[in-house]
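Take a look at the structure below.
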Amino acid sequence: MSGKVVKLAVILGSVREGRFGPVVANWTVEQARQHGRFKVNLVDLAEVDLPLVLGPEPPAIATTDARPAEMAQLTAALDEADAFILVTPEYNRSFPASIKSLIDWHYTQWRAKPIGFVSYGSMSGGLRAVEQLRLVFAEMHAVTVRDCVSFANYWEQFQEDGTLGNPEPAQEAAKDLLNQLGWWAEALLDARANNPYQP
């Protein structure tokens, strides 16, 4: 690994009122910055107008003019990213509609790029949402890294100031995730440069 700087988009998927997501996303951003390999950009879906009524089907959705103008900044952030971490809760054994809308409004932005997951929920820690997202991103020709960070019963783990009561296990899991994400990001970045990916 040559240590190239990787442009990482951390995507906060929850848009619900009173959401806990910003606490988890801010923790994730801090872990990525401390890692030293990543240039981090936080993308908060609550700050984006994501219509649930979709536009054209792929491959038409791959063109910028197929999306609403207010989505341009979001699309540019996804285009620029070399890798993604998706911060997702688990709602009713699945992931939020906001994340599915984000995925479905984009196409080439995910292609041949690695995606990691940080999830939170009750007993399962959001892992059921993550497993379903792996299937969705496979269809988008993205690569999901094996290791993830999962917070079961997150309300018991995080303190009022947003820090973890017992930080070491999650920090170690984040380090593993980020190491894998950095490796895949560099490998796929070189591959896309030498042989543009065309599914």
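Beta carbons closer than 8 Å, at least 6 apart along the sequence or on distinct chains, never pair a first residue in the stretch 24-39 that is of a type in the set (Asp, Glu) and surrounded by fewer than 22 Cβ atoms within 10 Å (Cβ to Cβ) with a second that is at pLDDT below 95 and not in a helix (DSSP H, G or I).
Out of Ala138, Ala142, Ala174, one residue alone is farther than 16 Å from Pro89 by Cβ and touching a residue at least 60 places away in the same chain (Cβ under 8 Å). It is Ala174.
Residue under question is Phe137, and the condition is that it be over 28 Å from Ala185 (Cα atoms) and in contact with a helix residue (DSSP H, G or I) (Cβ under 9 Å, 6 or more places away or on another chain); does it hold? Let's see the steps before the verdict.
Details: over 28 Å from Ala185 (Cα atoms): no; in contact with a helix residue (DSSP H, G or I) (Cβ under 9 Å, 6 or more places away or on another chain): yes.
The answer is no for Phe137.
In the stretch 41-63, the residues that are under 20 Å from Leu12 (Cα atoms) and surrounded by 11 or more Cβ atoms within 10 Å (Cβ to Cβ) reach residues that are aromatic (Phe, Trp, Tyr) and at pLDDT 65 or above with C-beta atoms within less than 9 angstrom, at least six apart or across chains, in these pairs: Val43/Phe84; Leu50/Trp105; Pro51/Trp105.
The values are calculated or read from the model by the stated rules, or taken from the named source; none is laboratory data. These numbers were taken from a predicted model, which means no experiment stands behind them. Please note: Cβ atoms are built from the backbone with ideal geometry, for glycine as well, and neighbour counts cover all protein chains shown.
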